[in-house]
1. Out of curiosity, is residue 78 in contact with a Cys (Cβ under 9 Å, 6 or more places away or on another chain) and at pLDDT 95 or above?
2. Can you pull out the residues in the stretch 24-59 that are open to solvent by 60 Å² or more (accessible area, probe 1.4 Å), within 15 Å of the chain's Cα centre (by Cα) and among the charged types (D, E, K, R)?
3. When you go through (1) touching a residue at least 40 places away in the same chain (Cβ under 8 Å); (2) open to solvent by 60 Å² or more (accessible area, probe 1.4 Å) one by one for residue 20, which number turns out not to apply?
4. Just wondering, is there one or more residues in the stretch 11-31 that are at pLDDT 95 or above, in a strand (DSSP E or B) and touching a Lys or Arg at 6+ places or on another chain (Cβ under 8 Å)?
5. Restricting to the stretch 60-93, count the residues that are hydroxyl-bearing (Ser, Thr, Tyr), within 28 Å of residue 31 (Cβ to Cβ) and open to solvent by less than 50 Å² (accessible area, probe 1.4 Å).
6. Suppose the filter is open to solvent by 40 Å² or more (accessible area, probe 1.4 Å), modelled with pLDDT of 95 or more and among the polar types (S, T, N, Q); does residue 96 pass it?
Amino acid sequence: QVQLVESGGGLVQPGGSLRLSCATSRIVFSIYTMGWYRQAPGKQRELVATIPSGGNTNYADSVKGRFTISRDNAKSTVYLQMNSLKPEDTAVYYCNARWDSSNYWGQGTQVTVSS
């Protein structure tokens, strides 16, 4: 079965950095649009960033200039480099893989930004 496994979350101080990874299996990774979403307590899940197979990235305004999404097709893995983290970035971060009618989610990884 398809698996998306996130890692790299944790507790970080404001201004710090984290790098999230999402390793996938049993999908033709290279053709999928990969994305990161997040959900804070009491809020709806929101888009953070996406990267299609062609590589043109898209970011939420709130993370532009601070976060970078990238992909390694050889490793079937997508990354999210998060710099200059703020308390409002605290959320569960989810990996997403989407192509045609197929849409898969990971289990999420917690990111907490606090001093």
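1. Values: in contact with a Cys (Cβ under 9 Å, 6 or more places away or on another chain): yes; at pLDDT 95 or above: yes.
Against the criterion (in contact with a Cys (Cβ under 9 Å, 6 or more places away or on another chain) and at pLDDT 95 or above), residue 78 qualifies.
2. The answer is 45, 46.
3. Among (1) touching a residue at least 40 places away in the same chain (Cβ under 8 Å); (2) open to solvent by 60 Å² or more (accessible area, probe 1.4 Å), residue 20 violates only (2).
4. Looking through the stretch 11-31, at least one residue is at pLDDT 95 or above, in a strand (DSSP E or B) and touching a Lys or Arg at 6+ places or on another chain (Cβ under 8 Å).
5. Of the stretch 60-93, the ones hydroxyl-bearing (Ser, Thr, Tyr) are 62, 68, 70, 76-77, 79, 84, 90, 93.
Those still in the list that are within 28 Å of residue 31 (Cβ to Cβ) too: 68, 70, 76-77, 79, 93.
Now narrow it down to the ones that are open to solvent by less than 50 Å² (accessible area, probe 1.4 Å): 70, 76-77, 79, 93.
Here the count works out to 5.
6. Values: open to solvent by 40 Å² or more (accessible area, probe 1.4 Å): no; modelled with pLDDT of 95 or more: yes; among the polar types (S, T, N, Q): yes.
Considered against the rule, which asks whether it is open to solvent by 40 Å² or more (accessible area, probe 1.4 Å), modelled with pLDDT of 95 or more and among the polar types (S, T, N, Q), residue 96 comes out as no.
The values are calculated or read from the model by the stated rules, or taken from the named source; none is laboratory data. Model, not experiment: these values are computed from the prediction. For neighbour counting, all protein chains shown are included, and Cβ atoms are generated from backbone atoms with ideal geometry for every residue, glycine included. Keep in mind that these areas ignore ligands, DNA and RNA; they rest on the heavy atoms of the full protein, side chains included. Shrake-Rupley method; radii C 1.70, N 1.55, O 1.52, S 1.80 Å.
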